[in-house]
Amino acid sequence: MTEPGFRIEHDGAVATLVLDNGPVNTVDPPLIEALIAGLPEITEDPTVRALVVRGKGKVFVGGADIRVMRRLDPDTYTEMRRWTEVQQLLARAAKPVIAALNGHALGGGAELALACDLRILHERALFGFPESNLGIFPGAGGSQRLPRLIGAHRAKRLMMDGTRLTAAEALDQGLVDLVAGDDFDEVVRREATRLAARPTATIGLIKRVVDEGIELPLEEALACEGRYVRRNLDVADAAEGLQAFLDKREPCFEGS
């Protein structure tokens, strides 16, 4: 499937969203609107059990289109902030989402990556939020997702300094999960295939229960957990996983 600014490729139970928007995959309103319209088809497809997000060639996402951002008017920034809706579609997808950071993930690219469940960064790529170097700040999700991931103090420092981290530094900071070099595509394929074989419906519940409970007082969070435990009772893979343990065999999860 090809849409303006991106295409979808399928490989068994793994789907790959390839961003293809200009020479460096900049984020602009047409791309945002195309993704908001097109992503649900893939995130809600039960035959897709893992989704990979990557850029074309050696570029992930070049951040927001500066020519658009230069307008500095509320309507433009309202349009650009819909990038957070793209992120939410990935964050709320009831399946694992992998950010294959095949090139620099800076600004809007880093914001998109933080909405994914697993981040794999190429060893020659940089990761960070350099917006303050332009007199602005990460205003499409970054200022909120980053402190939730690494803590408020470190997040403030990275954003205030506009730091560009090397792959090794990003891994050390906990911003990415894996770093790969010439074997990058192989590592992405391996991780996507592995996650696609996991109990997809249960993974969807894990994402929801953590996201809903993390900001609640403990008693309310435990009640939230209880509701999702009951929902898990209806997941076929729960029965398969438990029976496989009793049978002393490997489970064969179907994703439902």
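The values are calculated or read from the model by the stated rules, or taken from the named source; none is laboratory data. Values in this document were obtained by computation on a predicted structure and should not be read as measured data. Cβ coordinates were reconstructed from backbone atoms using ideal geometry, including for glycine residues, and neighbour counts include every protein chain displayed.
Residue by residue, here is whether (1) surrounded by fewer than 24 Cβ atoms within 10 Å (Cβ to Cβ); (2) among the polar types (S, T, N, Q); (3) on the phi < 0 side of the Ramachandran plot holds:
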position	(1), (2), (3)
74	yes, no, yes
78	yes, yes, yes
88	yes, yes, yes
117	yes, no, yes
124	yes, no, yes
141	yes, no, no
148	yes, no, yes
- Item | Test: residue in the stretch 53-72 that is under 28 Å from residue 207 (Cβ atoms), modelled with pLDDT of 95 or more and either among the hydrophobic types (A, V, I, L, M, F, W, C) or not assigned by TED's automatic domain parsing to the domain that holds residue 33 (or both) | yes
- Criterion violated by residue 58 - all others in (1) surrounded by 23 or more Cβ atoms within 10 Å (Cβ to Cβ); (2) under 21 Å from residue 186 (Cβ atoms); (3) out of contact with any Ser or Thr (no Cβ under 8 Å at 6 or more places or on another chain); (4) of a type outside the set (Ser, Thr, Tyr) satisfied: (1)
- Item | Qualifying position, being in contact with a Cys (Cβ under 8 Å, 6 or more places away or on another chain) and either modelled with pLDDT of 95 or more or of a type in the set (A, V, I, L, M) (or both), among 90, 121 | 90
- Message: For the stretch 167-214, give me the residue count where each residue is of a type in the set (A, V, I, L, M, F, W, C), surrounded by fewer than 19 Cβ atoms within 10 Å (Cβ to Cβ) and part of a loop (DSSP other than H, G, I, E, B).
- Response: 2
- Under 9 Å by Cβ, and 6 or more places apart or on different chains, what pairs join a residue from the stretch 33-48 that is under 15 Å from residue 86 (Cβ atoms) with one that is of a type in the set (Phe, Trp, Tyr) and in a helix (DSSP H, G or I)? 35/83
